[in-house]
1. Just need the relative contact order of segment 165-294 here, percent rounded to a whole number, with Cα pairs under 8 Å and 6+ apart.
2. Over segment 27-121, consider all pairs of different Cα atoms and compute the Kirkwood hydrodynamic radius from their mean reciprocal separation; express it in Å, one decimal.
3. For Pro366, what charge total do you get from the other residues with a beta carbon under 9 Å from its beta carbon, if Lys and Arg give +1 and Asp and Glu give -1?
4. Which of the aspartates and glutamates could a cross-linker span from Lys53 if the Cα-Cα distance has to be under 20 Å and same-chain partners fewer than 8 positions apart are dropped?
5. Quick one: which of Lys305/Lys325; Lys121/Lys325; Lys123/Lys325; Lys113/Lys150; Lys150/Lys253 span more than 18 angstrom between C-alpha atoms?
6. In what sequence, highest mean first, do 86-95, 59-68, 137-146 appear when ranked by Cβ atoms within 10 angstrom?
7. Note down the nm distance, to one decimal, between modelled labels 7 Å out along Cα→Cβ at Leu304 and at Gln29.
8. When N counts the residues of segment 95-204, how does its alpha-carbon radius of gyration compare numerically with 2.2 N^0.38 Å, as a ratio?
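Nothing in this text is a laboratory measurement; each read-out follows from the coordinates by a stated rule. Bear in mind the structure is a predicted one, so any value in this text is a computation, not a measurement. So basically every Cβ, Gly included, is an ideal-geometry build from the backbone, and we count neighbours across all protein chains shown.
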Amino acid sequence: NWDLILYVNLELVNKMSNRRFIVKEMLGQGTFGQVVKCWDTETNDYVAVKVIKNQPAFYHQAIMEVSLLRTLNQKFDPDDQHNIVRMLDYLSFQNHLCIAFEMLGQNLYELLKRNHLRGLKLKYVQAFSKQILDAMVVMREAGIIHCDLKPENILLAPSVATAAAVKVIDFGSACLEGKTVYSYIQSRYYRSPEVLLGYPYTTAIDMWSFGCIVAELFLGLPLFPGASEYDVLQRMMTILGGQPPDELLREAKNTIRFFKHVGIYPGNEAPSGLSSAYRILSEEEVEVRDSKRPKMGKWYFPHLKLDKLICTYPWNNSELSETEKTDRLGLVDFLKGLLEFDPNKRWSPLQALYHPFITGESFTGPYEPVPETARIPVARAAAIDHNPGGGHWL
Ligand code: ATP
Ligand code: MG
Ligand code: MG
């Protein structure tokens with residue numbers, strides 16, 4: 001009951017901190033609690049307060065959110081230049097951890113809905129991608145895995161003049177690289193192959209989710225809207241071609257849920273004529289809980305490969321200009337580096353930042369990133385201009 005929830009929170013938050021925050025309206029609701037728009041009587045400004053449910057598990061995860069955000073804000077982005085939400089304050093009230101954030105605008109899912117799920121113009125896909133990447137470079141520097149990148153967690157920020165700006169929010173599922181605790185992470189449509197398969201993960205899982213977001217900004221619809229994890233995996237294989245590499249399938253703990261081993265021991269070689277020692281299970285072979293297929297609806301993409309999907313979208317497309325065609329080929333090449341099945345080959349944020357799709361150079365052929373061993377200093381990434389040209393951006 002929305003009214004009741006709002007009322008309860010109103011009571012709660014108004015009492016909080018000597019009535020410092022006055023609740024104005026509900027902004028969003030998630031697994032961890034509610035986010036309410038408040039008037040901060042101390043700073044005389046609006047703030048967004050995330051009120052975490054008063055259960056120990058949520059409380060502890062929220063402490064993690066506070067600590068990671070504090071590190072990001074203070075140590076890695078002291079001047080607020082890298083598109084990461086600012087945490088203003090936090091306090092504990094009757095076992096509810098309350099975190100005050102700067103007030104931001106709509107999330108990107110709401111923006112796509114407002115645009116009738118038709119997708120954004122390429123220049124906005126590019127501008128938003130660049131800004132999200134900038135945040136990801138900093139997260140990677142800090143060794144922080146976000147674990148829940150999706151359009152709902154990217155918010156429009158108050159922008160300078162006509163330029164559109166976004167910020168990454170919700171570090172409620174984030175963790176430190178090398179200190180990963182949970183295996184059931186990321187929202188299903190944005191879940192990386194290594195997480196689906198149950199394989200040790202790194203910041204590369206955020207790059208996968210980012211690839212899904214970029215595609216969705218262009219299409220207006222999620223790229224892999226699978227009704228089950230098996231369905232997500234099948235969609236990945238259809239659209240991208242290929243499958244996760246054998247080394248990953250061999251080591252991952254969920255492989256048998258999705259794949260049948262057809263290899264030959266002792267070397268575990270692929271049978272002659274096949275490139276892999278594993279093949280994906282047929283629908284009949286999949287366990288019931290994984291076998292559900294969605295109805296053929298507007299969220300179902302026909303069996304098109306990524307390049308065809310991007311270059312011919314929307315499918316009743318009339319003539320595209322030569323520039324638009326080239327730019328779309330650039331987008332396809334960009335997406336392929338992000339939606340790479342092998343986490344070791346997937347581009348890092350910094351590598352992606354120098355792709356022609358992001359730098360605005362004309363696309364002339366497949367991008368070869370500088371190897372990670374020669375990592376570009378963050379200072380260079382910071383020097384990149386984040387503002388797209390003016391104009392209305394829907
Ligand atoms: P989830 O269940 O998706 O993990 P959550 O409970 O962790 O969500 P958030 O993602 O932090 O909560 O916030 C939920 C929603 O509230 C966001 O999607 C957004 O629409 C809104 N919101 C959060 N922070 C802000 C903010 N600073 N300004 C404006 N709106 C916000
Ligand atoms: Mg969220
Ligand atoms: Mg969250």
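1. On the way: 139 pairs, mean separation 27.7, N = 130.
It rounds to 21 percent for segment 165-294.
2. Result for segment 27-121 stands at 14.8 Å.
3. Charge balance in the 9 Å sphere: -1.
4. Qualifying aspartates and glutamates at Cα under 20 Å: Asp3, Glu11, Glu25, Glu65, Asp89, Asp148, Glu152, Asp170.
5. Working: Lys305/Lys325 16 Å; Lys121/Lys325 13 Å; Lys123/Lys325 13 Å; Lys113/Lys150 14 Å; Lys150/Lys253 25 Å.
Checking Cα-Cα distances, Lys150/Lys253 exceed 18 Å.
6. Result, highest mean Cβ count within 10 Å first: 137-146, 59-68, 86-95.
7. Placing both labels 7 Å along Cα→Cβ, they lie 3.7 nm apart.
8. 1.17
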